[in-house]
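Engineer: This is the structure, below, for whatever I ask next.
What follows draws every value from the coordinates through simple rules; no lab data is involved. Please read all numbers here as calculations on a predicted model, not as lab measurements. Here Cβ is always computed from backbone atoms with ideal geometry, including for glycine, and neighbour counts include all displayed protein chains.
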Ligand SMILES: C[S@@+](CC[C@H](N)C(=O)[O-])C[C@H]1O[C@@H](n2cnc3c(N)ncnc32)[C@H](O)[C@@H]1O
């Protein structure tokens, strides 16, 4: 490991030792703003969904947001963290519930071999570029057949969204503070093979909170727009919107592949099975290939990977879309999915509201295309004359009128066109 990588790990590790930082983080974990409630709900549910056995270790436990709810459900919890201040805060929040806490390092766990049935770690692996080394240590404390569950950013998503192959080295070169470990499906398979772990699967998530697709309407990442942040802020207080968001995370994005969202949960088993790892990778790649090629994506084609039968899926989505705010948010999110407007056929996803939403998509299509076309009219040789009225340049209101007329003309079906 190079000095700069070790510096990066030390910097990130030390930052959490500061008591003021811990106080801020602890408040943030219960703060109900933006997509916080959604992130918590999705991540904690995923940990619990894949747990196996009773003895659980939480690595980099922090304030215990994933672990503390599990104690009441009968799990025997242990936690480790390099920050004593974090452990103190976790113990305070445990409020007398039984939990074993030990100060220790991610790469040198203060527990004996094979002490646990499952190991969970939330928002921690993202700090470590050498996941093979970390995984070898995590495997040591998990019993054979036990589980390792952790989240990581998706390198496949990043590469797909940027339209070029991005490497971990590229990300490291961007500077220490900015670094977040991103994992590709290929690297996950090779790391699992190297360490002697079996990939049970990944669950993409975080569609609402991280992603790199440019929003076609705003020509900037969806997440970076103030409009989208305002929509996200409703998640804090609108239960029906939150329920739809959880539905999409769990029953749509969560069933797809490593290119689908900016982040995924990894579920590994402590057993050696290189053939299963290869099969998993091929399946992940097959889903990605489908998502890349299909125009539009069809629910029936996704059926082998969805965790609900397509008609049940449609009925549930229809119910969520019954609310106006849900329709607006779902439209913004899914119409930018994979960075293209034609990824979704709304009628296929929502028999009841699909026609309306397809209409929105069609209007947006014409609006964007005609706008970019007319905006350049005054610069083009062939059309410049249209923009000049007796030496006076076309005013923006006339440009708007021109756009409207063009949209009306172009979107009218011509005789012979299929209706
Ligand atoms: C982003 S917080 C996540 C806390 C908790 N898992 C959660 O999801 O809320 C990262 C945690 O990892 C811990 N940490 C950072 N570097 C570590 C290291 N080298 N060994 C053990 N813990 C570490 C920090 O002290 C902090 O509690």
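Engineer: Which of 73, 198, 17 ends up with the largest GNM mean-square fluctuation for the chain, with Cα atoms connected below 10 Å?
Structural biologist: With Cα springs under 10 Å in the chain, the top fluctuation among 73, 198, 17 is at 73.
Engineer: Sticking with this one: Over region 304-390, how many percent of alpha carbon pairs lie in each 10 Å bin up to the one with the longest distance?
Structural biologist: So the P(r) values, bin by bin, are 15, 36, 21, 14, 10, 4, 0.
Engineer: Another question, if that's okay. Quick one: work out Rg over Rh on the C-alpha atoms of region 192-351, Rh as Kirkwood radius.
Structural biologist: Working: Rg = 16.6 Å, Rh = 16.7 Å.
Over the Cα atoms of region 192-351, Rg/Rh equals 0.99.
Engineer: Quick one: angle between helix 274-293 and the longest Cα principal axis of the chain, in degrees between 0 and 90, rounded to 10, please.
Structural biologist: 20
Engineer: Among 282, 382, 43, determine the one that fluctuates most according to a GNM of the chain built with springs between C-alpha atoms less than 10 Å apart.
Structural biologist: 382
Engineer: Follow-up. Per residue, how much space in cubic angstrom lies within the convex hull of the C-alpha atoms of the chain?
Structural biologist: 181
Engineer: Now for a different question. Within the P(r) computed for region 1-148, what percentage of the Cα pairs occupies the region above 28 Å?
Structural biologist: Summing the P(r) tail past 28 Å for region 1-148 gives 15 percent.
Engineer: Looking at the chain, what % of its DSSP beta bridges pair antiparallel, to the nearest 5? Display every interim value, and only then the final one.
Structural biologist: Values: 19 of 39 bridges.
If we restrict to bridges inside the chain, about 50 percent are antiparallel.
Engineer: Cut-off 10 angstrom, C-alpha nodes, Gaussian network model of the chain. Which of 163, 60, 354 fluctuates the most?
Structural biologist: 163
Engineer: Could you work out, for region 100-205, what percent of all Cα-Cα pairs fall into each 5 Å distance bin, beginning at 0 Å and stopping at the bin that holds the largest distance?
Structural biologist: 2, 11, 21, 25, 18, 12, 7, 3, 1, 0
Engineer: Now, a different point. Using the number of other C-beta atoms within 10 angstrom as an exposure proxy, rank 406, 188 with the fewest first.
Structural biologist: Fewest-to-most ranking of 406, 188: 406, 188.
Engineer: I need 160, 373 ordered by Cβ neighbour count within 10 Å, fewest first. Mind showing how you got there, number by number?
Structural biologist: On the way: 160 22, 373 15.
If I rank by nearby Cβ atoms, fewest first, I get 373, 160.
Engineer: Relative to the longest principal Cα axis of the chain, at what angle does helix 324-334 sit, 0 to 90 degrees, rounded to 10?
Structural biologist: Long axis of 324-334 versus the principal axis of the chain: about 80 degrees.
Engineer: Using a Debye calculation, one point per C-alpha and no hydration shell, please list log10 I(q)/I(0) for region 251-292 at q = 0.14, 0.32 Å⁻¹ in order.
Structural biologist: -0.36, -1.16
Engineer: Rounded to the nearest angstrom and ordered from largest down, what semi-axes does the equivalent ellipsoid of region 266-412 get from its C-alpha gyration tensor (root of 5λ)?
Structural biologist: Details: eigenvalues 390, 87, 27 Å².
Equivalent ellipsoid semi-axes, largest first: 44, 21, 12 Å.
Engineer: Strictly greater than 14 Å: what percent of every Cα pair in region 10-77 meets that?
Structural biologist: So the portion of pairs separated by more than 14 Å is 65 percent.
Engineer: Quick check: the angle from helix 354-375's long axis to the longest principal axis of the chain, C-alpha only, nearest 10 degrees?
Structural biologist: Once rounded, the angle reads 70 degrees.
Engineer: Nearest 5 is fine: what % of DSSP beta bridges in region 32-168 come out antiparallel, could you say?
Structural biologist: The antiparallel proportion sits near 5 percent.
Engineer: For the residue pair residue 31 and residue 237, what label-to-label distance in nm results when each label sits 7 Å from Cα along the Cα-to-beta-carbon direction?
Structural biologist: For residue 31 paired with residue 237, the spin-label model returns 1.7 nm.
Engineer: Taking neighbour counts of Cβ atoms within 10 Å as a proxy for exposure, in what order, fewest first, do 86, 362, 29 appear?
Structural biologist: Neighbour counts put them in this order, fewest first: 362, 29, 86.
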